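S.K.: Could you have a look at this structure, given as structure tokens, before my questions?
The values are calculated or read from the model by the stated rules, or taken from the named source; none is laboratory data. Remember, predicted model here, so these are calculated numbers, not experimental data. Cβ placement follows ideal geometry from the backbone for every residue including glycine, while neighbour counts extend to all protein chains displayed. The accessibility values were calculated without ligands, DNA or RNA, using every heavy atom of the protein model including side chains. Shrake-Rupley method; radii C 1.70, N 1.55, O 1.52, S 1.80 Å.
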Amino acid sequence: MSSPTVADHLLSRLREWGVDTVFAFPGDGINGILAAFGRAGNEPRFIQARHEEMSAFEAVGYAKFTGRVGICMATSGPGAIHLLNGLYDAKLDHVPVVAIVGQTARSAMGGAYQQEVDLMSLFKDVAGAYVQMVTVPEQLPNVLDRALRIAAAERTVTAVIVPSDVQELEYTAPTHAFKMVPSSVGVQWPSVAPDTAAVQRAADLLNAGSKVAMLVGAGARGARAELEEVADLLGAGVAKALLGKDVLSDELPYVTGSIGLLGTRPSYDMMRGCDTLLTVGSSFPYTQFMPAFDQARAVQVDVDPRQIGMRYPYEINLVGDARTTLRALIPLLGRQEDRGWREELESSVARWWETMHDEAMVEADPVNPMRLFAELSPLLPDDAIVTADSGSAANWYARQLRFRGNIRGSLSGNLATMGPGVPYGIGAKFGNPGSPVIVFAGDGAMQMNGMAELATIKHYWQQWSDPRLVVAILHNNDLNQVTWEMRAMAGSPKFPESQTLPDVDYAAFAASLGLQAIRVDKPDDVAPAWRRALAADRPTVLDVRVDPDVPPIPPHATFDQMKDAATAMLRGDEDRWGILREGLRTKAQELLPHRKD
Ligand SMILES: Cc1ncc(C[n+]2csc(CCOP(=O)(O)OP(=O)(O)O)c2C)c(N)n1
Ligand SMILES: [Mg+2]
């Protein structure tokens, strides 16, 4: 065999790092690497998407649901450009992803050559933590190693650019010489322990509180037992930021659920009523859903000093990883003897779940979308992974789904981009082939990219030891989330030219790919459809006709508020609550009585 090329070494170095999967799409800017995949017997395995943005989302889904670095790969120029949105999704949700892309040959660079784009500049923002071009073979190991290490260390995006001719050069290792940068594989992470005196001050502050609220996010994952213990000691309730929905079980009576516009009433009320706030591993951005500034004394725990101390005027900003910090805190906390606050929270949580059930059961035309989510909760296997696309699905994911056990879930939290639902599901499957995966996606997201990606599912599903991947489509022929935002915020009626979608037969399309396809257009068919999908021997598409007139009512909207608004509207004061202008013709008036409190 001839000597290994730079591309051969790139793949063998990835294997040394334990990389088993590369989400990719080919092109002549990476031909040298593709040939190397062939020589390496497809190790790591090359997973082909329909579009490079999907490769990036798949790498994000893989990373989110394995905790490992996701790798995506694309050709120069158009391929690299297509990756961008998925890479921003990773960056904004603090997920480690490395992009490996081709570039035109060194001899052509700067010559306005075909497919030549200034990739260093293109990636400068999204991969600002580390973006480098490999121009000689000796540079490769260090550039690749640093890209992997920095992505993992900073939970962000990095990029490695390899010109096409460099890929085919014979690999020569860095030598023990001037201007050489040798490198090594791997890293042993520390657990970041907080400052002892600061932990004592935090404990004093928390012990002094009588109505403690906790806010937990994705950064608190892995500290479940400690969070429960702290909440018990302090008699606190716990609200969960959207990306931290799977951090604590919704079956715990003091977990108030999601927070924010997509959140719950108990979370909203808890933040308005607390005198003390403990935030762990969350940079939930919406200050208006936090306590008033002079209302609560607050402590934040975060492993990242760059993310700490914002969103609320915290008195103590405690840098440390969630588990280590809470463990240091626990022995210093006294048990809150007055359980009144806790009991109040628990009864409002219990009432809230009844409200959610009642809202899900309100009749709609034909299917109430909330019911689609509510009916799934009790059927969810303990090891299920759930993803949701941006759109109305995110509301129901946040409010209606009850997570427990080791159920995992995520969506595009900060970029809130359309399109990641299906590719996250695929990435999750490659990372966890033995777990059932459920995707919720709007029809707009399916038309944008999800339908094409169903072909990727057709291509690969037989490789998954558990073949269950269920894509539930919210078929409402509308870009419904925007329709509601226009009504609620802009006070404008639906603009059909912008929001109405072409009707598509998703079930027929899925069936043509050999997937199980189930049409659901009757409310009573929802639960049986879930059961069939979860018992199937292959992936399933549920094409569910949901009612676009079911409003995603924000948590703070009570019946009385809405009644006031309706009265104002009837007086001609329409702009105050645009939501009701059309909303009165919708389900709002049937849903809101359930919010009476
Ligand atoms: C890439 C991108 N384009 C546009 C938007 C704005 N946007 C957010 S939700 C949404 C509508 C989604 O429609 P659909 O997928 O049909 O879901 P629905 O809300 O109807 O359930 C749009 C256009 C976005 N978030 N991302
Ligand atoms: Mg839609």
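S.K.: What ranking, highest mean first, results for peptides 37-45, 331-339, 391-399 when packing means the other Cβ atoms within 10 Å averaged over each residue?
M.R.: 391-399, 37-45, 331-339
S.K.: Mean 1/r over all different Cα pairs, inverted: what Kirkwood radius does segment 257-366 give, in Å?
M.R.: 16.0 Å
S.K.: Whole number in Å², please: accessible area per residue of segment 51-145, 1.4 Å probe, ligands, DNA and RNA not counted.
M.R.: On a per-residue basis, segment 51-145 sits at 31 Å².
S.K.: Something else about it: Apply the a/c threshold of 1.5 to the C-alpha gyration tensor of the chain and tell me whether it is rounded, prolate or oblate.
M.R.: oblate
S.K.: Quick check for you: with a 1.4 Å probe and neighbouring chains kept, what is the accessible area per residue of segment 498-562, in Å²?
M.R.: I get 40 Å² per residue for segment 498-562.
S.K.: Oh, and also: If Lys and Arg each add +1 and Asp and Glu each add -1, what is the summed charge of the other residues whose beta carbon sits under 12 Å from the beta carbon of R342?
M.R.: -3
S.K.: At a 1.4 Å probe radius, carbon and sulfur cover how many percent of the accessible area of the chain?
M.R.: Heavy-atom surface of the chain belonging to carbon and sulfur, 1.4 Å probe: 52 percent.
S.K.: OK, next. So what is the orientation-averaged projected area of segment 149-269, using the convex hull of its C-alpha atoms, in nm²?
M.R.: 13.5 nm²
S.K.: For segment 325-404, what is Rg from Cα atoms divided by 2.2 N^0.38 Å, rounded to two decimals? Can you show the working numbers first?
M.R.: Working: Rg = 17.5 Å, N = 80, 2.2 N^0.38 = 11.6 Å.
Working it through for segment 325-404, the quotient is 1.50.
S.K.: Averaging sequence separations of C-alpha pairs under 8 Å and six or more residues apart, then dividing by the length of segment 475-526, give the relative contact order as a whole percent.
M.R.: RCO, segment 475-526: 27 percent.
S.K.: What 222 nm value per residue comes from the helices of the chain, counting each DSSP H run with n ≥ 4 as -39,500 (n - 2.57) and dividing by all residues, nearest 500 deg cm²/dmol?
M.R.: -10500 deg cm²/dmol
S.K.: Quick one: work out the % antiparallel among DSSP beta bridges in the chain, nearest 5.
M.R.: Working: 2 of 70 bridges.
In the chain, DSSP labels about 5 percent of beta bridges as antiparallel.
S.K.: Right, another one. With a 1.4 Å probe and all protein chains left in place, how much accessible area per residue does segment 329-419 have, in Å²?
M.R.: 36 Å²
S.K.: Just need the Rg to Rh number for segment 11-119, please, alpha carbons only, Kirkwood Rh.
M.R.: 0.98
S.K.: Work out from phi, with θ = phi - 60° and the Karplus expression 6.51 cos²θ - 1.76 cosθ + 1.60, the ³J(HN,Hα) of each residue of segment 311-318, listed in order in whole Hz, and give x for Gly and Pro.
M.R.: 6, 8, x, 5, 7, 10, 9, 9
S.K.: Suppose every K and R has +1 on its Cβ and every D and E has -1 on its Cβ; what is the size of the dipole of the chain about the Cα centre, in Debye to the nearest 20?
M.R.: Details: 55 positive and 72 negative charges, 134 e Å.
For this selection, approximately 640 debye.
S.K.: Still on this model: Per residue and in Å³, how big is the convex hull formed by the alpha-carbon atoms of segment 18-79? Let's see the in-between values first.
M.R.: Working: hull volume 4.5 nm³, N = 62.
Per-residue hull volume (Cα only) is 73 Å³.
S.K.: Follow-up question, since we're still on this one. Counting other Cβ atoms within 10 Å of each Cβ, which GluC sites (Glu not before Pro) in segment 435-544 have at most 12 and sit in a DSSP loop?
M.R.: Working: sites: E453, E485, E497; in loops: none.
Within segment 435-544, no GluC sites (Glu not before Pro) qualify (loop, at most 12 other Cβ atoms within 10 Å).
S.K.: For segment 1-106, what is the charge dipole size about the Cα centre, in debye to the nearest 20, if Lys and Arg each add +1 at the Cβ and Asp and Glu each add -1 at the Cβ?
M.R.: Here the size comes out at about 140 debye.
S.K.: I've got another one for you. Using the Cα centre of the chain as origin and beta-carbon charges of +1 (Lys, Arg) and -1 (Asp, Glu), tell me which of P523, V185, T500 is placed farthest towards the positive end of the dipole.
M.R.: V185
S.K.: Now for a separate question. Please give the length that would be gained between T66 and S183 if that part of the chain were fully extended, namely 0.36 nm times their separation in residues minus their C-alpha to C-alpha distance (nm, one decimal).
M.R.: Result for the pair: 39.5 nm of gain on full extension.
S.K.: Then there is this: Over segment 249-291, what relative contact order in percent results from Cα pairs under 8 Å that are six or more residues apart?
M.R.: This gives 32 percent for segment 249-291.
S.K.: For the chain, what does the relative contact order come out to in percent, with C-alpha contacts under 8 Å and a separation of six or more? All intermediate terms of the calculation are to be shown ahead of the outcome.
M.R.: Values: 1316 pairs, mean separation 71.1, N = 597.
Over the chain, the number comes to 12 percent.
S.K.: Using unit Cβ charges (K, R positive; D, E negative) and no other charged atoms, how large, in debye to the nearest 20, is the dipole of segment 371-482 about its Cα centre?
M.R.: Here segment 371-482 has a charge dipole of around 200 debye.
S.K.: Taking the Cβ-Cβ separation of R272 and T175 as r and a Förster radius of 60 Å, what is the calculated FRET efficiency to the nearest 0.05? Each step should come with its number before you reach the end.
M.R.: On the way: r = 65 Å, r/R0 = 1.08.
Result of the calculation: an efficiency of 0.40.
S.K.: Looking at V541, Y312, V199, which one has the Cα that reaches farthest to the positive end of the dipole of the chain (charges on Cβ: Lys, Arg +1; Asp, Glu -1)?
M.R.: Projecting each Cα onto the dipole axis, the largest value belongs to V199.
S.K.: A further question follows. Per-residue counts of other Cβ atoms within 10 Å, averaged by peptide: what ranking do you get for 189-196, 87-94, highest first?
M.R.: On the way: 189-196: 12.5, 87-94: 24.2.
In decreasing order of mean packing, 189-196, 87-94 become 87-94, 189-196.
S.K.: Which of the three applies to segment 401-442, rounded, prolate or oblate, going by the alpha-carbon gyration tensor with a ≥ b ≥ c and a/c under 1.5 meaning rounded?
M.R.: oblate
S.K.: Filter the chymotrypsin sites (Phe, Trp or Tyr not before Pro) in segment 236-328 to those in DSSP coil with at most 11 other Cβ atoms within 10 Å of their Cβ, and list the result. List each step's numbers first, then the result.
M.R.: Values: sites: Y254, Y268, Y286, F289, F293, Y314; in loops: Y254, Y286, F293, Y314.
Listed in order of number, the matching sites are F293.
S.K.: Here is a follow-up. Put a dot 7 Å past each Cα toward the Cβ at D382 and R339; how far apart are the dots in nm?
M.R.: 2.6 nm
S.K.: So for segment 85-136, Kirkwood radius off the Cα pairs, Stokes-Einstein at 10 °C and 1.306 mPa s: how many µm² s⁻¹? Provide the component values of the computation, followed by the final result.
M.R.: On the way: Rh = 12.4 Å.
Reported coefficient: 129 µm²/s.
S.K.: First obtain the Kirkwood hydrodynamic radius of segment 445-524 from its Cα pairs, then insert it into the Stokes-Einstein equation at 20 °C and 1.002 mPa s, and state the resulting D in µm² per second as a whole number.
M.R.: 145 µm²/s
S.K.: Whenever you get a sec, line up R297, R487 from highest to lowest accessible area (probe 1.4 Å, protein heavy atoms). Don't skip to the answer; put the middle values down first.
M.R.: Values: R297 105, R487 15 Å².
Listed by decreasing accessible area, they come as R297, R487.
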